[in-house]
Amino acid sequence: MSKYFLAIIIFFTFLAVVLNILYFQWENKKEQERTEKIKLIAAQLKINFLAEDSNNIMQHLHNFRLFKQGGRNLVTNILSKEVKNLKIYIFEYRYSIYSTKTKHEHWQTIAFLYDQNMHLHKFLLKPKNILDQISNFLGYQDINFDKYPRFSEQYLLRGSDEKGIRQIFTDNVLSFFEAKIGFYPAIQTTPCLEVADACLIYYRENVRLEPEQIELFLQEGMEVFDLLRAKISDN
C-alpha cells in the first residue's frame, strides 16, 4: 500500500471520528434542551418532574408487551402526580433493536397510570399492521365487535379472558377508541393501550411527542382511565 493511500485512509478515519463526536455533542445538546422544555411544562402544570428514573418506574412495567422489546431500555423526562390512590406518570421511553450492522432506536411518549384499587383483565389493544392481518387470517385471537366494524377493522384486541374484556369495552370505550383512529400513517397515529391488573399504559407506537403536546396527552390518558374506572364503578 502506497503512502498516498495510507494517508487517505488515515484522513477519512480521523474525519469519521470527528463527525461522530460532533454528532454526539449535537444530540446531547438537543436532548438537554428538550429536557428543559419538559421541565418548564411540568412547572406550569404544577406536577413533579424527574429527568431520570430515580424512582425505578421500570419495576412496574415488566408485564407489558412494549417493555419486553429490544434492549438498552431508557425511561427519561418523567412527569408525575398523585390523586388519592391514583398515580399518574408521563414519560419518554426508548428501546433499541440491533441487526448485524445497524442499531434502531425506538422512542415513544407513554402515559402510565396505576391505581391499587383497580383490577382489570390483562389485554393488549393496538392498531393492526400487516403481520396482525396475516395472523388473523391464520386464526389467531382478535376480539371484534359487530356494532363497531371500524374499530374491529383497525384495532387488534387480545387477552386471555375474552368475556371479561368484552365487559370492559363498553359503548363509551369503543366510541372513544374508534374516534382516535388516525390517518396516515395509521400505525403511528392510532393509540395503543395495555392493561395489567392495576396498571395501564397508553401511547402511540414509535411516537415521541413534542413537549407542547404533553398537556393534551395527559388529559387523553386521564380520559382513558376514567372510562375504564367508570366500568368498574358500574360493577
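What's the extension gain from residue 84 to residue 16 if we count 0.36 nm per residue and subtract their Cα-Cα distance?
Values: separation 68, 0.36 × 68 = 24.48 nm, distance 5.38 nm.
Extending this stretch completely gives an extra 19.1 nm.
What dipole magnitude, in Debye to the nearest 20, does segment 53-179 give about its Cα centre under +1 on Lys/Arg Cβ and -1 on Asp/Glu Cβ? Display every interim value, and only then the final one.
On the way: 17 positive and 13 negative charges, 73 e Å.
Roughly 360 debye for segment 53-179.
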task: Return one whole number: the accessible area per residue of segment 148-188 in Å², for a 1.4 Å probe.
output: 54 Å²
statement: Amide H neighbours of residue 145 at under 5 Å, excluding residues fewer than 5 places away on the same chain, with H built from the backbone geometry, are 152
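Quick one: length gained pulling residue 160 to residue 3 fully straight, 0.36 nm per residue minus the C-alpha distance? Mind dumping the intermediate values first?
Working: separation 157, 0.36 × 157 = 56.52 nm, distance 6.76 nm.
Result for the pair: 49.8 nm of gain on full extension.
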field: 14 Å reach of a label modelled at residue 198, 7 Å along Cα-to-Cβ, counting backbone N of segment 90-127
entry: 113-120
- prompt: Which whole-number percentage describes the relative contact order of the chain, with Cα contacts under 8 Å and a sequence gap of 6 or more?
  reply: 18 percent
query: Can you list the residues, at least 5 places off or on another chain, whose amide H is less than 5 Å from the amide H of residue 209, using H built in the peptide plane?
result: 109
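What do you get for chymotrypsin sites (Phe, Trp or Tyr not before Pro) in segment 86-172 restricted to DSSP loop and a cutoff of at most 13 other Cβ within 10 Å of the site's Cβ?
Working: sites: 89, 91, 93, 95, 98, 107, 112, 114, 123, 137, 140, 145, 151, 155, 169; in loops: 140, 145, 169.
Passing both the DSSP loop test and the Cβ count: 140.
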query: What angle, in degrees between 0 and 90 and rounded to the nearest 10, separates the Cα long axis of helix 214-234 from the longest principal axis of the Cα atoms of the chain?
result: 30 degrees
task: Could you tell me which of the pairs 46/84; 147/180; 122/163; 29/87; 39/68 are separated by over 23 angstrom between their Cα atoms in the structure shown?
output: 29/87; 39/68
Calculated FRET efficiency for the pair residue 210/residue 65, C-beta based, R₀ 25 Å, to 0.05: 0.50
- request: Apply the Karplus parameterisation 6.51 cos²θ - 1.76 cosθ + 1.60, with θ equal to phi minus 60°, to every residue of segment 166-175 and state each ³J(HN,Hα) to the nearest whole Hz, in sequence, with x for glycine and proline.
  value: 4, 5, 5, 7, 6, 4, 5, 5, 5, 5
task: Using the Karplus curve 6.51 cos²θ - 1.76 cosθ + 1.60 with θ = phi - 60°, work out ³J(HN,Hα) for each residue of segment 144-161 in order, rounded to whole Hz, and write x for Gly and Pro.
output: 10, 10, 4, 6, 10, x, 5, 4, 5, 6, 9, 10, 9, 10, 9, x, 6, 10
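Please find the FRET efficiency linking residue 130 to residue 74, where r is the Cβ-Cβ separation and R0 is fixed at 30 Å, and quote it to the nearest 0.05.
Working: r = 28 Å, r/R0 = 0.95.
Approximately 0.60, to the nearest 0.05.
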message: Using the Cα centre of the chain as origin and beta-carbon charges of +1 (Lys, Arg) and -1 (Asp, Glu), tell me which of 107, 13, 49 is placed farthest towards the positive end of the dipole.
response: 13
message: For a quick check: with amide H placed at 1.01 Å from N, whose amide H comes under 5 Å from residue 197's, ignoring anything fewer than 5 positions away on the same chain?
response: 120, 122
field: 3J(HN,Hα) from dihedral phi, segment 70-83, Karplus parametrisation 6.51/-1.76/1.60, rounded to Hz, x for glycine, proline
entry: x, x, 6, 5, 9, 10, 8, 6, 9, 9, 8, 7, 10, 10
message: Can you give the longest run of the chain that contains no trypsin sites (Lys or Arg not before Pro) sitting in a DSSP loop with at most 10 other Cβ atoms inside 10 Å?
response: 148-235
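Tell me, what is a quarter of the convex hull surface for the C-alpha atoms of the chain, in nm² with one decimal?
Numbers: hull surface 68.4 nm².
Averaged projected area of the chain's Cα convex hull equals 17.1 nm².
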Qualifying aspartates and glutamates (Cα of each under 15 Å from Cα of residue 128; at least 8 residues distant if same chain): 142, 153, 178, 194, 205
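By how many nm would the segment from residue 179 to residue 23 lengthen if fully extended, with 0.36 nm per residue of separation less the alpha-carbon distance?
52.1 nm
The values are calculated or read from the model by the stated rules, or taken from the named source; none is laboratory data. No experiment lies behind these values; they were computed from the predicted model shown. FYI the Cβ positions are ideal-geometry reconstructions off the backbone, even for glycines, and counts take in every protein chain you see. To get the accessible areas, we keep the full protein, side chains included, count just its heavy atoms, and leave off ligands, DNA and RNA. Shrake-Rupley method; radii C 1.70, N 1.55, O 1.52, S 1.80 Å.
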